[in-house]
Amino acid sequence: MLIRPIRPQDEKLLREAFRRLTPESVYQRFFGSLRELPAQMARHLANVDYVQRLALVAEHDNKAIGVARYEPTDDPGTAEVALAVLDAWQERGLGRILLREILRAAEENGIHRFRADVLSENARMLRLLATEADIQTRRTESGITTFFFTRRG
Ligand SMILES: CC(C)(COP(=O)(O)OP(=O)(O)OC[C@H]1O[C@@H](n2cnc3c(N)ncnc32)[C@H](O)[C@@H]1OP(=O)(O)O)[C@@H](O)C(=O)NCCC(=O)NCCS
């Protein structure tokens, strides 16, 4: 497995990986049901500036098996973090590796405060944050918990 920054030519790779996510994982990542990753969205997700927006791809056999990213928020010092690991690869520690790597990469780019929106029933992501993040605040609205945190050193 290789973890590397996303590239503009990964649009197709992202759309293929999306097709291998279960509807439950799609819902947990995107908070809605989508059958396909729309081309325009794939383009946006594959094209980052590597500083304010970054995504790391976990690749196996030339296919994406997980992606972690951060995106700017209204607060310039805070980035929103999101992850997805293909269902067939979940519960093997990849989510933890990707979360650690994306937080480390953000810090190298001068970003030290993070936000994550997590469905309140998403036990795995909640467990990951509980161990990898120092949580400053959390608030829950309509079944989504928003965490503000820093990386646990
Ligand atoms: C959340 C997600 C990224 C985690 O990735 P993963 O590779 O499965 O996670 P890991 O294998 O690193 O495990 C994370 C923790 O969850 C725990 N865990 C695994 N299955 C669990 C379950 N069913 N219930 C509770 N905790 C569970 C693991 O034990 C591990 O904690 P530990 O190492 O302290 O024991 C992945 O499940 C995923 O992509 N889910 C769908 C999309 C999503 O929810 N994204 C998050 C939105 S920000």
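Summary table below
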read-out: Amide H contacts of E80 (H built 1.01 Å from N, under 5 Å, at least 5 apart or other chain); value: E71, T73, R115
read-out: Ratio Rg/Rh, restricted to the stretch 2-111 and using Cα atoms, in which Rh is the Kirkwood radius; value: 0.94
read-out: Net charge over other residues, Cβ less than 10 angstrom from the Cβ of P72 (K, R count +1; D, E count -1); value: -4
read-out: Sites H112 and Q9 - FRET efficiency at Förster radius 30 Å, r taken between beta-carbons, to 0.05; value: 0.45
read-out: Choice from G143, G95, G77 showing the highest fluctuation, given a GNM over the chain with Cα pairs closer than 10 Å; value: G143
read-out: Length gained when the stretch S142-R124 is fully extended (0.36 nm per residue, less Cα-Cα span); value: 4.6 nm
read-out: In the stretch 1-65, the chymotrypsin sites (Phe, Trp or Tyr not before Pro) that fall in loop regions by DSSP, at most 16 other Cβ within 10 Å; value: F31, Y50
read-out: Sulfur and carbon atoms: percent of accessible area, the chain [1.4 Å]; value: 49 percent
read-out: Cα-Cα pairs of the stretch 34-97 separated by more than 15 Å (percent); value: 60 percent
read-out: Inter-centroid distance (Cα atoms) of the stretch 62-103 relative to the stretch 110-145, Å; value: 13 Å
read-out: Dipole magnitude of the chain about its Cα centre (Cβ charges: Lys, Arg +1; Asp, Glu -1), debye to nearest 20; value: 240 debye
read-out: The chain - mean residue ellipticity at 222 nm from DSSP helices (-39,500 (n - 2.57) per run, n ≥ 4, rounded to 500); value: -9500 deg cm²/dmol
read-out: Phi-based couplings in Hz for the stretch 20-26 (Karplus 6.51, -1.76, 1.60; Gly and Pro marked x); value: 9, 8, 6, x, 5, 5, 4
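The values are calculated or read from the model by the stated rules, or taken from the named source; none is laboratory data. Keep in mind that what you see is a predicted model, and the values were worked out from it rather than measured. Using ideal geometry, Cβ is built from the backbone for each residue, glycine included, and neighbour counts are taken over all protein chains shown. Just so you know, the surface numbers come from the protein's heavy atoms only, side chains and all, with ligands and any DNA or RNA stripped out. Shrake-Rupley method; radii C 1.70, N 1.55, O 1.52, S 1.80 Å.
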